[in-house]
Amino acid sequence: MRPFNFKKLYLFIFLIPVFALGDYKNTNGKAIKKPLKDLLKWQLNKTETNIEIIDISDDWKNFDLTIHDNYFIWIGHSTFLIKKNGITILSDPVFSDRASPLKNFGPKRLIPPAIPIQSLPTIDIVTISHNHYDHLDIESIKKIYKKNTDTIFLIPMGDKDIFDNANIQNTYEFIWWDTINISGLEFTFTPVQHWSARGIFDRNDSLWGGWFIKDKDYSIYHAGDSGYSNDFKATKAKLGFPKYAFIPIGAYDPEWFMSESHVNPEEAVMIAKDLNATYSYGMHWGTFTLTSEDTIEPKTRLESYLDKDNSTNFKAISPGKLIDLE
């Protein structure tokens with residue numbers, strides 16, 4: 001048994017704050033909350049995590065990202081660069097060294113962003129799934145906005161003050177099933193099972209969700225961060241099936257502690273089936289060490305499961321690889 005690591009106390013803020021629960025709950029009517037004793041149990045019984053550096057592809061350098069159209073690139077964690085019909089979209093942009101409000105404390109990147117922020121094309125639309133620091137990095141947002149003050153930011157209800165405090169305009173807040181049409185693309189904010197917080201006393205004061213991006217020909221779905229729930233069946237029933245789905249596969253160990261808010265690889269496959277997605281891609285792994293599983297485990301566990309169940313087209317690709325949208 002390992003001694004308790006007090007440096008991990010930041011998890012109490014970033015992963016499981018329990019004070020001052022806000023108004024938002026999941027579609028099952030429940031708010032996710034964990035007592036401090038469970039955090040202590042996890043930390044006191046935690047085994048050493050095997051840290052590995054995953055491969056980064058420089059495939060994107062073979063393309064002019066401004067001219068090339070209809071593609072996506074996984075930049076790392078939950079950050080995707082998507083270009084569809086000339087519209088450039090960036091999901092959950094996190095380019096900072098740490099998923100933290102502090103420069104020298106909190107989860108540190110294991111790999112750099114596959115595309116440096118200065119090499120991004122001009123971004124038309126940014127989607128934010130929720131306000132955790134590994135999904136909403138205001139320093140990255142500021143740099144994107146400085147490059148193009150016309151960038152539109154689609155954010156969950158309750159997070160506008162974060163953007164207002166940074167003097168960022170063009171922000172639109174959403175509750176579940178709200179839809180906006182931008183340049184022929186329809187963006188819908190969908191429910192997932194999770195929670196929100198930027199500090200100790202603001203848990204669930206803002207909403208969380210996924211983004212369903214519908215084109216006239218097909219749809220792209222970004223699941224944000226979620227435990228397994230019926231929300232994905234509801235999304236398919238309401239919006240149809242996505243051709244491409246980006247689904248989290250990491251940050252699940254120990255599962256007795258994390259399963260309410262983070263799926264494991266097998267549950268990620270269940271989500272792909274619930275959505276009836278044509279192609280699914282794993283995210284939320286290999287970039288930060290947030291929980292106890294080994295760095296590479298989400299990918300190997302996914303691939304091992306798919307060897308037994310090949311009913312879905314689900315891959316864990318390298319950051320930086322450009323995938324053409326068919």
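The values are calculated or read from the model by the stated rules, or taken from the named source; none is laboratory data. Quick caveat, the model's predicted, so the values are computed rather than measured. Counting neighbours? That spans all protein chains shown, and the Cβs are built from the backbone with ideal geometry, glycine included.
Regarding THR300, is this residue at pLDDT 95 or above, of a type in the set (S, T, N, Q) and surrounded by fewer than 17 Cβ atoms within 10 Å (Cβ to Cβ)?
Details: at pLDDT 95 or above: yes; of a type in the set (S, T, N, Q): yes; surrounded by fewer than 17 Cβ atoms within 10 Å (Cβ to Cβ): yes.
Answer is yes for this residue.
How about region 302-325: which of its residues are outside any strand (DSSP E or B) and free of Cβ contacts under 8 Å to residues at least 40 places away in the same chain?
Going residue by residue through region 302-325, those that are outside any strand (DSSP E or B) are 302-313, 316-321, 325.
Selection gives GLU303, SER304, LEU306, ASP307, LYS308, ASN310, SER311, ASN313.
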So ASP150 ticks every box in (1) part of a helix (DSSP H, G or I); (2) out of contact with any Phe, Trp or Tyr (no Cβ under 8 Å at 6 or more places or on another chain) but one. Which box is left unticked?
(1)
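Does at least one position in region 313-324 carry a residue that is over 27 Å from ASP58 (Cβ atoms) and surrounded by 18 or more Cβ atoms within 10 Å (Cβ to Cβ)? Give the steps one after another, and end with the answer.
Within region 313-324, the subset over 27 Å from ASP58 (Cβ atoms) is none.
No, region 313-324 contains no residue that is over 27 Å from ASP58 (Cβ atoms) and surrounded by 18 or more Cβ atoms within 10 Å (Cβ to Cβ).
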Region 288-300 residues that are closer than 16 Å to ASN45 by Cβ, paired with ones that are assigned to a loop (DSSP other than H, G, I, E, B) and modelled with pLDDT of 95 or more (beta carbon under 6 Å, 6 or more apart):
THR291/ALA251; THR291/ASP253; SER292/ASP253; GLU293/ASP253
Scan region 117-128 and tell me whether some residue there is surrounded by fewer than 22 Cβ atoms within 10 Å (Cβ to Cβ), more than 28 Å from ILE200 (Cα to Cα) and among the small types (Gly, Ala, Ser).
yes
Near pairs, Cβ below 6 angstrom, 6+ apart or cross-chain, from region 214-231 (without any contact (Cβ under 8 Å) to a residue 24 or more places away in the chain) to any residue that is crowded, with 24+ Cβ neighbours inside 10 Å and assigned to a loop (DSSP other than H, G, I, E, B):
none
Of those in region 164-176 that are touching a residue at least 24 places away in the same chain (Cβ under 8 Å) and either of a type in the set (Phe, Trp, Tyr) or buried (at least 23 other Cβ atoms within 10 Å of the Cβ) (or both), the residue farthest from PHE105 (Cα to Cα) is TRP176
Flagged in region 21-73 as of a type in the set (Gly, Ala, Ser) and surrounded by 14 or more Cβ atoms within 10 Å (Cβ to Cβ), in numbering order, are GLY22, ALA31, SER57
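Let's see how each residue does on (1) more than 29 Å from GLY286 (Cβ to Cβ); (2) small (Gly, Ala, Ser); (3) at pLDDT below 95; (4) part of a strand (DSSP E or B):
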| residue | (1), (2), (3), (4) |
| --- | --- |
| LYS103 | no, no, yes, no |
| ASP134 | no, no, no, no |
| TYR145 | no, no, no, no |
| GLY158 | yes, yes, no, no |
| ASP161 | yes, no, no, no |
| GLU173 | yes, no, no, yes |
| PHE189 | no, no, no, yes |
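Filter region 269-288 down to the residues that are among the small types (Gly, Ala, Ser) and not in a helix (DSSP H, G or I), then identify the one that is farthest from ASN230 (Cα to Cα). Reasoning before the result, please.
If we filter region 269-288 for residues that are among the small types (Gly, Ala, Ser), which is where we start, we get 272, 277, 280, 282, 286.
If we keep only those that are not in a helix (DSSP H, G or I) as well, we get 277, 280, 282, 286.
Numbers: ALA277: 15, SER280: 18, GLY282: 19, GLY286: 27 Å.
For region 269-288, the residue satisfying everything is GLY286.
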Return a yes/no flag: does region 231-252 have any residue that is farther than 20 Å from ALA316 by Cβ, assigned to a strand (DSSP E or B) and touching a strand residue (DSSP E or B) at 6+ places or on another chain (Cβ under 8 Å).
no
